[in-house]
Amino acid sequence: MERVIGSMGSEYIRFRLDPESVPLLTAKFDWNTLARRVFIDPVTGFVDLMTPSPEHEFHARGADMVMKALAGRLGLRSILLGSTRWRLPGDPENSGAEPDACYYLGETAERWAQAYRHGLVEREAFETNNPPDLVIEVERSPGDRDKPAFYRRLGVPEMWRIDISGNTREALMLDLQAPHSPAELELSKVLPGAGPDFVLEALGLAIQDRLDELDTLIAERVGTETRQ
């Protein structure tokens, strides 16, 4: 068992189960009783239990603010799904991953809204069969190397890794469905015009509550990129 403090001060406990024992252990026990955030990969058996720091949560919610403003400027509907747990339909109960932030965008968001209007059963069926269009992780952690493969199997198109801690300012955009995944992107595929430097600048404005400046940045930067 490995206990690590992440780059933003969150606590991570990481260990590995025999993959054959994962269905038994997850059926009998919900690991969320031990930690706020859980990642259990039934293929590899790796388990990450995470207790987020205030700094971590602050940046995750800042990412939501950026997403709403950016999607609105691009004319895309967006559904913010927070730290929803995702797993493949055939995976063991209580396994899967809970990203720091995740979203349905555009046409997928429209279809989710239609399912939502038809009631809980149809909405849950839609979520079971439709992974998010984008997942975001906002802190460097021991499970970083395993999550892209898990989200790829789930069918997620794109993942962003963001870390703003100490002297570190990093944003990485990954195409999870590329032939040699994960493939680094210069610009997002799901949000045209958004690149790593732009995301870092926008997030910095969002967490400082400088929303007028955020709107101006998005209007200028994304508008320029999408016209090219």
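The values are calculated or read from the model by the stated rules, or taken from the named source; none is laboratory data. Quantities reported herein were computed from a predicted structural model and do not represent experimental measurements. Please note: Cβ atoms are built from the backbone with ideal geometry, for glycine as well, and neighbour counts cover all protein chains shown. Note: areas computed on protein heavy atoms with side chains; ligands, DNA, RNA excluded. Shrake-Rupley method; radii C 1.70, N 1.55, O 1.52, S 1.80 Å.
When Gln114 is tested against (1) open to solvent by 20 Å² or more (accessible area, probe 1.4 Å); (2) under 30 Å from Phe46 (Cα atoms), only condition (2) is not met. Scanning the range 154-171 for residues that are among the hydrophobic types (A, V, I, L, M, F, W, C) and over 14 Å from Asp100 (Cβ atoms) turns up just one, Leu154.
In contact with a Leu (Cβ under 8 Å, 6 or more places away or on another chain) and modelled with pLDDT of 90 or more: does that describe Gly195? Yes; evaluated as a whole, the condition is true for this residue. Filter the range 188-209 down to the residues that are more than 17 Å from the chain's Cα centre (by Cα) and within 14 Å of Arg161 (Cα to Cα) and list them by number. Those that are more than 17 Å from the chain's Cα centre (by Cα) and within 14 Å of Arg161 (Cα to Cα): Asp197, Phe198. Restricting attention to the range 63-102, the residues that are out of contact with any helix residue (DSSP H, G or I) (no Cβ under 9 Å at 6 or more places or on another chain) and more than 19 Å from Val38 (Cα to Cα) add up to 3. Considering the range 130-152, and only residues there that are open to solvent by 20 Å² or more (accessible area, probe 1.4 Å) and modelled with pLDDT of 95 or more, the residue that is nearest to Asp64 (Cα to Cα) turns out to be Asp133. Of all residues in the range 162-180, none that is without any contact (Cβ under 8 Å) to a residue 12 or more places away in the chain and buried (at least 18 other Cβ atoms within 10 Å of the Cβ) has its Cβ atom under 7 Å from the Cβ atom of a residue that is of a type outside the set (Ser, Thr, Tyr) and part of a strand (DSSP E or B), 6 or more apart or on another chain.
Every condition in (1) among the hydroxyl-bearing types (Ser, Thr, Tyr); (2) modelled with pLDDT of 90 or more; (3) open to solvent by 10 Å² or more (accessible area, probe 1.4 Å) holds for Ser95 except the one numbered (3).
Scanning the range 207-223 for residues that are outside any loop (DSSP other than H, G, I, E, B) and either modelled with pLDDT of 95 or more or over 20 Å from Glu170 (Cα atoms) (or both) yields a total of 8. Find the residue count for the range 8-44, including only residues that are surrounded by fewer than 18 Cβ atoms within 10 Å (Cβ to Cβ), in a loop (DSSP other than H, G, I, E, B) and not aliphatic (A, V, I, L, M). So the answer is 6. Out of all the residues in the range 57-77, is one or more open to solvent by 10 Å² or more (accessible area, probe 1.4 Å), under 21 Å from Glu124 (Cβ atoms) and in contact with a Gly (Cβ under 8 Å, 6 or more places away or on another chain)? Checking the range 57-77: at least one residue is open to solvent by 10 Å² or more (accessible area, probe 1.4 Å), under 21 Å from Glu124 (Cβ atoms) and in contact with a Gly (Cβ under 8 Å, 6 or more places away or on another chain).
Criterion first (touching a residue at least 24 places away in the same chain (Cβ under 8 Å), touching a helix residue (DSSP H, G or I) at 6+ places or on another chain (Cβ under 7 Å) and surrounded by 19 or more Cβ atoms within 10 Å (Cβ to Cβ)) does Leu191 satisfy it? It is true that Leu191 is touching a residue at least 24 places away in the same chain (Cβ under 8 Å), touching a helix residue (DSSP H, G or I) at 6+ places or on another chain (Cβ under 7 Å) and surrounded by 19 or more Cβ atoms within 10 Å (Cβ to Cβ).
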